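Each value in this text was obtained by applying a stated rule to the coordinates, not by laboratory testing. Quantities reported herein were computed from a predicted structural model and do not represent experimental measurements. Note: ideal-geometry Cβ built from the backbone for every residue, glycine included; neighbour counts use all protein chains shown.
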Number of protein chains: 2
Amino acid sequence: MKKDINVPDCSSCKNKDNFFCNLSISEKKRLGLNKKSGTYKKGEVIFNEGGLSNRLYCIYKGKVKITKLGTEGKDQLIRFSKTADILGYRALFNNDPYNATATAIEETTVCFLPKSNIMEALTSNTDLSLRLIQLLSSNLRDAENHIIEMGQRTATERLILALLLLHETFGFAEDGKTINVKLSRRELADMAGISSETAIRLLIKLKERNLIELKQKNILIPDLKKLQNEVE
Amino acid sequence: MKKDINVPDCSSCKNKDNFFCNLSISEKKRLGLNKKSGTYKKGEVIFNEGGLSNRLYCIYKGKVKITKLGTEGKDQLIRFSKTADILGYRALFNNDPYNATATAIEETTVCFLPKSNIMEALTSNTDLSLRLIQLLSSNLRDAENHIIEMGQRTATERLILALLLLHETFGFAEDGKTINVKLSRRELADMAGISSETAIRLLIKLKERNLIELKQKNILIPDLKKLQNEVE
DNA sequence: TCAAATATATGACACAAGTCATATTTTTGC
DNA sequence: GCAAAAATATGACTTGTGTCATATATTTGA
């Protein structure tokens, strides 16, 4: 992590639709008082499961994976977060240690907002609590759907659902078919709860069936509808 | 469902530690204004996935399972709720349909609190938002742990974890070893994300290893620590 | 640039757990 | 009390997927 001094004040942030978008200009100024920021390289850990928290993280730019370590030292991917998303909110609002690890999956710039600023914003703008409730509800809905996938879908289906989630979260690159993030086979396996070897094999199978294309670390979905139909 | 006219006003509720425990007496009186209540028989549905909501449910007495229908018509158990817990809060605060089905697993009496009362309580007592944030955070933590179990644990381990969750949620009966709820093998299987046949077989195996006792529909855990050690 | 580390790919093999069928027991509703 | 429905139990069989080992390709860091 290296300190980043090029990030603007919260009231001038380029991410207009972020979690704090409903705050007034003056509320945003107070939110960003004394904030710091830093840039993490791909693979660097932003915070660790079990660590203590006194600030909220706001992603200025980049992509992050949230993982938990399971049994036998294997990771399970819980969620992705990207530019404009907040991180570490559950620990902050519950005065708990982090219960997951946040890792940059590409170079990522993050702002650290002091807890006192957040609490003040919550008090002055009660809409913010409702936004947080909605965010947690959305996370919970996604987690519940993931439980069902893990319990009831085949490994192939889970891998396809993982690819569709990547598209949904990060979109396509400009060519309109390359998933806009590069993950290792291990990371894909951690999303789908399968072994790396199985992920590798099934990706090749999907390629052979022309459902995806593989170009170095890029995965392309030539026909999104067709891939979606595989898991209906 | 039959209407129940024996439930007291919220300010006199026997469940002193419920979600609304921090409200003042007068706030509780306003919360319960025009509330209704009903009693559901074991197996009756309290609300259905996809249904619309304009009230919050508060369990006066009883036990409820929250399930989602997965692929191929198979249920996945998401969570249990019991006496003093609230239900339907996510739909209410997000103006969404219910995304799960709530079913009584024993005779259950539920109070229906009008949405307007809830919103008023939220406005007058900002602590209530924080309690809801904490509740959602707790649900989410549990769901995330469940994802890991589904992805990384054997069926036997998952069944044991399901039994431990039943103990944790509902406790033991007075003998100190009978789990204080009766579920069918199918319901246990839905908790663990395994087939009924597998649940039946593995229960018998656990019995043979003296880790549990089976007495009609009752499951007994003679040595809780020993069972916990099986899944460390 | 190069050696070491890591990621990807592949083959072989084993088995946990699912499906299907059937028998038996228990529960339900009239 | 009784028939039907549902739950529980068991056997047989199949296979999806994990593990382990090894080869090859790519990335990393000095």
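Placing R0 at 25 angstrom, the Cβ-Cβ distance between A:Lys205 and B:Ser195 gives a FRET efficiency of 0.45 after rounding to 0.05. When the P(r) is computed for chain B, the part past 32 Å accounts for 24% of the Cα-Cα pairs.
Compactness of segment A:133-177 was expressed as the Cα radius of gyration divided by 2.2 N^0.38 Å, which yields 1.37. Using a 7 Å projection from Cα along Cα-to-Cβ, the label point at B:Ser196 is separated from the same position in the remaining copies by 4.2 nm, smallest value first.
Computed from the alpha carbon atoms alone, the convex hull of segment A:153-229 holds 82 Å³ per residue. Take every pair of alpha-carbon atoms less than 8 Å apart whose residues are at least six positions apart; their mean separation over the length of segment A:153-229 yields a relative contact order of 29 percent.
In the P(r) worked out for segment B:100-197, what percent of Cα pairs fall beyond 20 Å? Counting every Cα pair in segment B:100-197, those more than 20 Å apart make up 57 percent. In this simple spin-label approximation, B:Ile5 and B:Glu230 carry label points 7 Å from Cα along the Cα→Cβ vector, and these lie 5.0 nm apart.
Mean separation of Cα pairs under 8 Å and 6 or more residues apart, divided by the residue count, gives chain B a relative contact order of 18 percent.
According to the square roots a ≥ b ≥ c of the eigenvalues of the Cα gyration tensor, what is the shape class of the protein assembly as shown, taking rounded for a/c under 1.5, prolate for a/b larger than b/c otherwise, and oblate for the remainder? Oblate is the answer for the protein assembly as shown, as a/c is 1.5 or above yet b/c matches or exceeds a/b.
Within a straight-line Cα-Cα reach of under 18 Å, A:Lys3 can be paired with the following aspartates and glutamates, leaving aside sequence neighbours fewer than 8 residues apart in one chain: A:Glu44, A:Glu106, A:Glu107. Label point 7 Å out from A:Asn94 along Cα-to-Cβ: which residues of segment B:136-166 have amide N under 13 Å? Taking a point 7 Å out along Cα→Cβ of A:Asn94, the residues of segment B:136-166 whose backbone N falls under 13 Å are B:136-146.
As a calculated quantity, the FRET efficiency between B:Ser116 and B:Glu44 at R0 = 45 Å, using C-beta atoms, amounts to about 0.95. When the C-alpha to C-alpha distance is required to be over 26 Å, the pairs from B:Lys82/B:Lys225; B:Lys182/B:Lys205; A:Lys74/A:Lys226; A:Lys82/B:Lys82; B:Lys68/B:Lys217; A:Lys41/A:Lys217 that qualify are A:Lys74/A:Lys226; A:Lys82/B:Lys82. Ascending distances from the B:Glu120 label point to its copies in the other chains, with the point 7 Å along the Cα-to-beta-carbon line: 3.4 nm. Across the copies of the chain, A:Gly43 has label points (7 Å from Cα along Cα→Cβ) spaced 5.8 nm apart, shortest distance listed first. Pair-distance distribution of segment A:1-118: all C-alpha pairs, bin width 10 Å, starting at 0; shares per bin in whole percent are 14, 46, 32, 6, 1. Estimated from the Cβ-Cβ distance and a Förster radius of 60 angstrom, the FRET efficiency linking B:Lys215 and B:Ser26 is about 0.80.
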